[in-house]
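Have a look at the structure below, then the notes.
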Amino acid sequence: MDRFDFLELDSDGPKAPRTPAAEPEPAPTGWKPIRLRAVEVIGEPGPEAGQFNCPTGLAVDRDGAVFVADSQNQRIQRVAMNGDLKRYGRAGDAPGELWGPQGVAVEASGQFFFVADQGNNRLQCFGFNGQHRGVMNGFRAPGGLSFDLSGRLWVADSGNGRVMCFDIRSGQFLGGYDRAAGLVRPTWVICNAIGQVFVTDSGTQEIVCFTNGKRTHQRRLNEPAQIALDGQGRLYVAESGYNRLHVFDAQGNSLITFDTPSARIGSFRQPMGVAIGPGGEIYVSDTQNHRILRLAWD
């Protein structure tokens, strides 16, 4: 499979020429609109390699390969930049088997990754070569996963109303936030470079920020799912209830909402995942359209 077989560029087709009367007023000097556009479509509906059935959580490794929680195909798929594919897991509840995987997080070295095996109420760890490396139990419908810059693993333990932080080498629980901090059903969690923790909560329909252990601010959204941060501090939220990607700037101001990649590609349908690649690539799991889109800033 060549990823770029699915490339979509300038997919709205040719533009009709405009008459001078239709020209807008000149924009202020130096002004440039903020826009996103779709540059690649990866996958299509189905059970075969490179096909998806309700993809949810995403992660990108240091080589730019995308890990996809292919939730209804009961597996993880890794799609490399050159289109090479690896598949991990199969349906079941034995070690190495998955049921409704949601989140996926890749360790910084790229040698192993964790999966939120939601239907089996556990986390599982796999090596890059496919070797099953272990199970962590004690969760209830775990959702999103992410690593922070210190290599600690954050888990949205959705059914237990908490987010938890672990040292993955020792397995030690390091702390987190729970219902006492106002969480109800956290779905995804991510930590930025200065230690702020962002949580999407489907129970309160909010994205919440914790700074120095305290709840500092929140924004109301409609069924927020995975969140991601880029190198400029922009926060990306897959807002599945409104079928769009919502982007906030580093100060928490709404920057852009994006719901229709192009007329040819069509609109998002319940997007659940978003991840940023090492070169700033933006990936969105367009869940009910059973595909992954790569976006870029104009």
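The values are calculated or read from the model by the stated rules, or taken from the named source; none is laboratory data. Because the structure is predicted, anything quoted here is derived from the model rather than measured. Every residue, glycine as well, gets a Cβ built from its backbone with ideal geometry; the counts of neighbours run over all protein chains shown. Accessible surface is based on the protein model in full, side chains and every heavy atom, while ligands, DNA and RNA are left aside. Shrake-Rupley method; radii C 1.70, N 1.55, O 1.52, S 1.80 Å.
Residue selection: Gln72 fails the criterion of being open to solvent by 20 Å² or more (accessible area, probe 1.4 Å), within 16 Å of Asn53 (Cα to Cα) and part of a strand (DSSP E or B). Of all residues in the range 138-180, those being crowded, with 19+ Cβ neighbours inside 10 Å, more than 19 Å from Val60 (Cβ to Cβ) and not hydrophobic (A, V, I, L, M, F, W, C) number 8. Quick check on the range 223-245. Is at least one of its residues under 13 Å from Val163 (Cα atoms) and touching a residue at least 12 places away in the same chain (Cβ under 8 Å)? Looking through the range 223-245, none of the residues is under 13 Å from Val163 (Cα atoms) and touching a residue at least 12 places away in the same chain (Cβ under 8 Å). Would you call Val135 more than 20 Å from the chain's Cα centre (by Cα) and either open to solvent by less than 40 Å² (accessible area, probe 1.4 Å) or touching a residue at least 12 places away in the same chain (Cβ under 8 Å) (or both)? Yes; evaluated as a whole, the condition is true for this residue. For Gly213, the requirement of being out of contact with any strand residue (DSSP E or B) (no Cβ under 8 Å at 6 or more places or on another chain) and closer than 28 Å to Val41 by Cα is not met. Taking Gln251 as the residue in question, decide whether it is farther than 24 Å from Val155 by Cβ and assigned to a loop (DSSP other than H, G, I, E, B). It is true that Gln251 is farther than 24 Å from Val155 by Cβ and assigned to a loop (DSSP other than H, G, I, E, B).
Test of understanding: among Gly119, Gly110, which residue is of a type in the set (Gly, Ala, Ser), at pLDDT 95 or above and either over 22 Å from Pro47 (Cα atoms) or open to solvent by 20 Å² or more (accessible area, probe 1.4 Å) (or both)? Steps first, please.
Numbers: Gly110 fails: at pLDDT 95 or above.
That would be Gly119, the only listed residue that is of a type in the set (Gly, Ala, Ser), at pLDDT 95 or above and either over 22 Å from Pro47 (Cα atoms) or open to solvent by 20 Å² or more (accessible area, probe 1.4 Å) (or both).
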